[in-house]
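Read the structure below first, then the notes.
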Amino acid sequence: LKILVVNGPNLNMLGKREPERYGTQSLNDILTALHATAQQHNVVLTDIQSNSEAELINAIHAAWQQIDAIIINPAAFTHTSVALRDALLSVAIPFFEVHLTNVHARESFRHHSYFSDVAQAVICGLGARGYEAALFGAIDLLQNKD
Ligand code: DQA
């Protein structure tokens with residue numbers, strides 16, 4: 001199984017960025033643990049973080065017919081990006097939308113997502129654990145399929 005993890009803008013600042021809200025782990029800490037879990041389950045995990053919408057779109061396009069599932073935290077692009085939504089639909093890869101925080105308990109502009117209605121699942125408010133939950137969800141999905 002091949003799974004791609006996509007992290008959007010400002011997530012490179014995790015650990016430094018509003019730690020009371022987003023936690024003290026860096027993105028690297030989160031991904032290191034996720035890679036270890038993936039390896040234990042024979043999943044080949046690749047990841048990308050970018051602050052650029054274009055780079056994220058290009059990474060999703062490159063996943064076409066290469067990747068079985070995507071775990072994505074689109075960060076602020078969640079609430080703005082039709083283009084990123086269309087990229088995910090264009091490659092037709094099932095994806096799991098993750099947010100560290102419970103976006104529904106925050107400002108109203110965070111309540112709408114351009115991704116949730118076409119996501120396989122949406123996980124928010126579990127902190128870094130959300131990525132792990134998405135990984136197990138993706139493994140379950142892919143194993144039941146094959
Ligand atoms: C976020 C929530 C978004 O509203 C915000 O713009 C982020 C992070 C989260 O993981 O909780 O950058 O996606």
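Every number here is computed from the coordinates shown, using simple stated rules; none is lab data. All values derive from a computational prediction rather than experimental measurement. As a convention, Cβ positions derive from the backbone with ideal geometry for all residues, glycine included, and neighbour counts pool all protein chains shown.
Summary of computed values
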read-out	value
Members of the stretch 112-146 that are closer than 21 Å to GLU20 by Cα and not in a helix (DSSP H, G or I)	ILE123, CYS124, GLY125, LEU126, GLY127, ALA128
Residue in the stretch 91-111 that is in a helix (DSSP H, G or I), under 17 Å from SER50 (Cβ atoms), under 13 Å from the mean Cα position of the chain (by Cα) and away from the ligand (no atom under 12 Å from the Cβ) present	no
Positions within the stretch 1-30 being in a helix (DSSP H, G or I) and β-branched (Val, Ile, Thr), in sequence order	ILE30
Residue count, the stretch 5-30 (criterion: more than 14 Å from the ligand (Cβ to nearest atom) and either at positive phi or touching an Asp or Glu at 6+ places or on another chain (Cβ under 8 Å) (or both))	0
Yes/no for ALA87 being more than 15 Å from the ligand (Cβ to nearest atom), buried (at least 19 other Cβ atoms within 10 Å of the Cβ), within 13 Å of LEU1 (Cβ to Cβ) and among the small types (Gly, Ala, Ser)	no
Any pair with Cβ under 7 angstrom, 6 or more apart, that starts in the stretch 68-83 at a residue that is touching a residue at least 24 places away in the same chain (Cβ under 8 Å) and ends at one that is part of a strand (DSSP E or B) and more than 15 Å from the ligand (Cβ to nearest atom)	ASP68/LYS2; ASP68/ILE3; ALA69/ILE3; ILE70/LEU4; ILE71/ILE3
Qualifying residue in the stretch 57-76 (condition: of a type outside the set (A, V, I, L, M) and within 13 Å of TYR131 (Cα to Cα))	yes
Given (1) touching a residue at least 60 places away in the same chain (Cβ under 8 Å); (2) farther than 20 Å from THR101 by Cβ, index of the condition ALA54 fails	(1)
Residue among PRO74, PRO94 that alone is buried (at least 20 other Cβ atoms within 10 Å of the Cβ), in contact with a strand residue (DSSP E or B) (Cβ under 9 Å, 6 or more places away or on another chain) and not aromatic (Phe, Trp, Tyr)	PRO74
Residue among ILE60, ILE71, ILE67, ILE48 that alone is closer than 26 Å to VAL91 by Cα and either among the hydroxyl-bearing types (Ser, Thr, Tyr) or within 13 Å of the ligand (Cβ to nearest atom) (or both)	ILE71
Matching option when the condition is under 21 Å from ALA121 (Cβ atoms), out of contact with any helix residue (DSSP H, G or I) (no Cβ under 8 Å at 6 or more places or on another chain), small (Gly, Ala, Ser) and in a helix (DSSP H, G or I), among ALA38, ALA87, ALA59, ALA33	ALA59
